[in-house]
Amino acid sequence: MLSAMSLCTIFVYNLNPLKTRFQSLTSLHPLHHDFKSFFLPINTTTRSLSHSPIFSVKANPTEFDFKSYMLEKISMVNQALEAAVPVREPIKLHEAMRYSLLSGGKRICPIVCLASCHLVGGDDSAALPSAVALEMIHAMSLMHDDLPCMDNDALRRGRPSNHVVFGQYGTVLAGYALIAAAFEHIATATQGVAPAAILRVIGEIAGLIGPEGVVAGQVVDLQCGGKSVGLEELEYIHLHKTAASVEAAAVAGAVLGGACEEEIDRLRRYSRCAGLLFQVVDDILDVTKSSEELGKTAGKDMVAGKATYPKVVGMEKSREMAEELKREAEEQLLGFDPIKAAPFIALLNFIAYRDK
């Protein structure tokens, strides 16, 4: 049986747009540890799209008001986060948890979770606890990533990183608390959903952030620090560190919304492309923008000798990869209700054309 990474290679570099992808597949297994590249060989004839730092021709705007949509969903998620982690004893612990959890951010994973649920016919209320849990997990990952023993970053979202304010031990413990609270929240706050669906969501999220998901990506990232890294290893890192989180969000929302397996599979593929697109763009911005513009330390990966897409394949090929990922993600949405799918198209544009 083909691995998930091999399957992704097939669909990302099958350049015939008329051919139906994954006709015989019923499901995709969560990520595996095989170093199979998304982008070998690199397509050198890809068209350009926008005037952003990534593309050279801007995509045509749609009638969907993504800004209003984002503001509405972010407000909903922020209110739920505030309620889920109130200030209580031990005060210092909860202050450290809330410091990173409520510090703003794009809230991409919670929004993907909510949008996936709505796309397949579900309500926000069914997916909101999982959306909140995903942001708790994301906050934990950023807190731990910034630690001196990991990525050693003193700036996050325009202010001092968690460990700078609360100390390393405070950050480690607050991170542990957030990840435990995340799964507790899914189990106790999800209403109107079959227990089997809730259990599957817990399993999916745990699998995609655990030793074969986000943690695996972080381990390989640390092991490769300062070493010569090829494209396959780089994609392995980011398919696990970044794309796995988006995948967990998309699958959780789809399951909670009552999706069939085919719909779950297509959203799984979409999210992998969107997650990798986010990372490719992030790497490009890291070398083209200032710390003030990004709200975090610019150029730190280069200084640390870490592999990035521009470093491994060059800036132009990185832009070509970003476009191919965007196109493939859009193709996974064909067949869904175009109105309900509009947030997913707009999200891809937001990821591709953002400037921080």
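The values are calculated or read from the model by the stated rules, or taken from the named source; none is laboratory data. Everything numeric here is computed off the predicted structure, so don't read it as measured data. Here the Cβ is made from the backbone with ideal geometry for all residues, glycine too, and neighbour counts use every protein chain on show. Side chains are part of the model used for accessible areas, which takes the heavy atoms of the whole protein and leaves out ligands, DNA and RNA. Shrake-Rupley method; radii C 1.70, N 1.55, O 1.52, S 1.80 Å.
When you count the other C-beta atoms within 10 angstrom of each residue and take the mean per peptide, 183-190, 325-332 line up highest first as 325-332, 183-190. With all protein chains in place and ligands, DNA and RNA left out, the 1.4 Å accessible area ranks Ser125, Ser228, Ser141, Ser161 as Ser228, Ser125, Ser141, Ser161, largest first.
Using 0.36 nm per residue and subtracting the Cα-Cα separation, the extra length available between Asn152 and Leu93 on full extension is 19.1 nm.
Measuring between alpha carbons in the structure, the pairs from Lys73/Lys241; Lys227/Lys311; Lys306/Lys326; Lys241/Lys340; Lys73/Lys340; Lys73/Lys106 lying more than 20 angstrom apart are Lys73/Lys241; Lys306/Lys326; Lys241/Lys340. Here Thr188 and Ser68 are evaluated by their C-beta separation; at R0 = 25 Å the FRET efficiency comes out at 0.20. Across the options Ile111, Thr288, Pro310, the greatest Cα extent toward the positive end of the charge dipole of region 66-353 (unit charges at beta carbon of Lys, Arg, Asp, Glu) belongs to Thr288. Each of Tyr176, Tyr236, Tyr169 has its accessible area taken with a 1.4 Å probe; listed largest first, they run Tyr169, Tyr176, Tyr236.
Computed from Cα atoms alone, the Kirkwood hydrodynamic radius reported for region 66-353 is 19.1 Å. Our note on the geometry: Cα centres of region 313-349 and region 109-148, 20 Å apart. Region 99-183 has equivalent-ellipsoid semi-axes of 28, 13, 9 Å, by the square roots of 5 times the alpha carbon gyration tensor eigenvalues, sorted largest first. In whole percent, how big is the carbon plus sulfur part of the accessible area of region 66-353, probe 1.4 Å, protein atoms only? Carbon and sulfur atoms account for 58 percent of the accessible area of region 66-353. For the set Lys311, Lys67, Lys241, Lys73, solvent exposure ranked by accessible area (probe 1.4 Å, protein chains only) runs largest to smallest as Lys67, Lys311, Lys241, Lys73. Around the Cα centre of region 66-353, unit charges on the Cβ atoms of Lys, Arg, Asp and Glu (plus for the first two, minus for the last two) sum to a dipole of about 620 debye. For region 106-165, the Cβ-based charge dipole about the Cα centre amounts to some 180 debye (Lys, Arg positive; Asp, Glu negative; other atoms uncharged). For Cys149, the accessible area of its heavy atoms, probed at 1.4 Å with every protein chain present, is near 100 square angstrom. When Rg and the Kirkwood Rh are both derived from Cα coordinates, the Rg/Rh ratio for region 138-288 amounts to 1.00.
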